[in-house]
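Structure first, then comments.
The values are calculated or read from the model by the stated rules, or taken from the named source; none is laboratory data. Remember, predicted model here, so these are calculated numbers, not experimental data. Here the Cβ is made from the backbone with ideal geometry for all residues, glycine too, and neighbour counts use every protein chain on show.
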Amino acid sequence: MGLNKLTNHIFYLEHNPEVDRPMLGYVKGDKYSLAIDAGYSLSHVQDFYNAIDLNKLKKPDFTVITHWHYDHTFGMHAINGISIAHEKTNEFLKNEKLKSQDKNYINILKKEDIHFRKEYANQNELTITLSDISFTNSLTIDLGNVTANIFHTTSPHSEDTVCVYFPEDEVLFLGDSTSEDFFNNCYMDKDKLKSLIQMIESMNCKYCVLSHCEPLLKEDLLVYLNSII
């Protein structure tokens, strides 16, 4: 599976519903390249980097994590360059790392999640790492004629949710931010969703990119989100 081109600077590896792999983003600046999310596993990272190589692009200098859930972070130990995450993400990952010291933890996750069981079918151990850089509110990186505005936002999905906005390309990466909280009985906090909608409305973007579907036009996403309020 190769990379899809969204804009002149932005590409993505499609999500894979069979194992619930999220979409991974790639942004090509004149100076640096940046990935959005670190993937589900070593295998997911390898597939991503193979697609990058096929497009004759360089491996990411930076990788931004949108939230702590394992399909977005358990490949972090295998990435190239520097990882960036919200401080709350690292708190969650620290807890996951402690759990992983129990060799049975991977089997617990396999039992709980059929997708995890498929992704880790041939693996019996986990390697969980924290990010190289953490931040509290926001962070901006000049990649060279494209700017990555990285910021924490309110979301019903996870309290450490991070979005990445590229103003030159009018693209907003939203991770899983619009979804319910799967670790809290799939609860959808409507007030948090309203706050997220207001943030999306305020952004000058053409495309909104969620992790488990194809990129959407901003107006189409807003119509859907307002229909579930």
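Is it fair to say Tyr207 is among the aromatic types (Phe, Trp, Tyr) and over 27 Å from Leu93 (Cβ atoms)?
The answer is yes for Tyr207.
Among the candidates Glu112, Glu87, Glu125, which residue alone is closer than 25 Å to Phe151 by Cα and acidic (Asp, Glu)?
Just a single option satisfies the conditions, and that option is Glu87.
Mind checking which pairs have a first residue in the range 211-223 that is free of Cβ contacts under 8 Å to residues at least 40 places away in the same chain and a second that is assigned to a strand (DSSP E or B) and not polar (S, T, N, Q), Cβ under 6 Å, 6 or more apart or different chains?
That search, which allows pairs on different chains as well, returns Leu216/Cys208.
Quick one: in the range 4-41, of everything that is without any contact (Cβ under 8 Å) to a residue 40 or more places away in the chain and surrounded by fewer than 23 Cβ atoms within 10 Å (Cβ to Cβ), which residue is farthest from Arg117 (Cα to Cα)?
Across the range 4-41, the extreme among qualifying residues is Lys5.
For (1) under 30 Å from Glu96 (Cβ atoms); (2) out of contact with any Pro (no Cβ under 7 Å at 6 or more places or on another chain); (3) at pLDDT 95 or above, each residue gets a yes or a no:
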position	(1), (2), (3)
Asn185	yes, yes, no
Lys190	yes, yes, yes
Ile200	yes, yes, yes
Tyr207	no, no, yes
Leu210	yes, yes, yes
Pro215	yes, yes, yes
Ile229	no, yes, no
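If you take the residues in the range 84-99 that are surrounded by 24 or more Cβ atoms within 10 Å (Cβ to Cβ) and touching a Leu at 6+ places or on another chain (Cβ under 9 Å), which one is nearest to Leu13 (Cα to Cα)?
Among those residues, the one meeting the criterion is Ala85.
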